[in-house]
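*Asks:* What follows is a single structure, and I will ask about it in a moment.
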Amino acid sequence: MPVILSSKYHELWLNPEIQSPKDLDAILHDGMTSEIKYYPVSKQVNFAKNNNPSCVEPVTPDNFI
């Protein structure tokens, strides 16, 4: 399962020397962020050939392409 950490915890999480489950759990507990912003985007994102900025522009649910 993916985890989204605050940027100040990225290096700690990726540090191969930190192996202790207790230490990793502390990083997860302290570093998880809920500051995620999300919005619906066009179904254009489902096709690699659509590599342009319009793929990340917000759309309303009734405007899905």
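Here is a yes/no grid of residues against (1) under 21 Å from ILE4 (Cβ atoms); (2) in contact with a Phe, Trp or Tyr (Cβ under 8 Å, 6 or more places away or on another chain); (3) surrounded by 10 or more Cβ atoms within 10 Å (Cβ to Cβ); (4) free of Cβ contacts under 8 Å to residues at least 40 places away in the same chain:
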| residue | (1), (2), (3), (4) |
| --- | --- |
| PRO16 | yes, no, no, yes |
| GLN19 | no, no, no, yes |
| ASP25 | yes, no, yes, yes |
| HIS29 | yes, no, no, yes |
| THR33 | yes, no, yes, yes |
| LYS37 | yes, no, no, yes |
| PRO40 | yes, yes, yes, yes |
| ASP62 | no, no, no, yes |
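*Asks:* While we're looking at this one, here's another question. Filter the stretch 7-42 for residues that are over 30 Å from SER54 (Cβ atoms) and polar (S, T, N, Q) and give the result.
*Replies:* Within the stretch 7-42, ASN15, GLN19, SER20 meet the criteria.
*Asks:* Here's something else I'd like to know. Within the stretch 47-57, take every residue that is outside any loop (DSSP other than H, G, I, E, B) and either among the aromatic types (Phe, Trp, Tyr) or within 17 Å of the chain's Cα centre (by Cα) (or both) and give me the one that is nearest to LEU5 (Cα to Cα).
*Replies:* Selected residue: VAL56.
*Asks:* Among residues belonging to the stretch 6-26 that are among the small types (Gly, Ala, Ser) and in a helix (DSSP H, G or I), point out the one that is farthest from the chain's Cα centre (by Cα).
*Replies:* ALA26
Bear in mind that the values in this text are calculations on the coordinates, not laboratory data. Fair warning: this is a prediction, and the values are worked out from it, not measured in the lab. Reconstructed Cβ throughout: ideal geometry from the backbone, glycine too, with neighbour counts over all protein chains shown.
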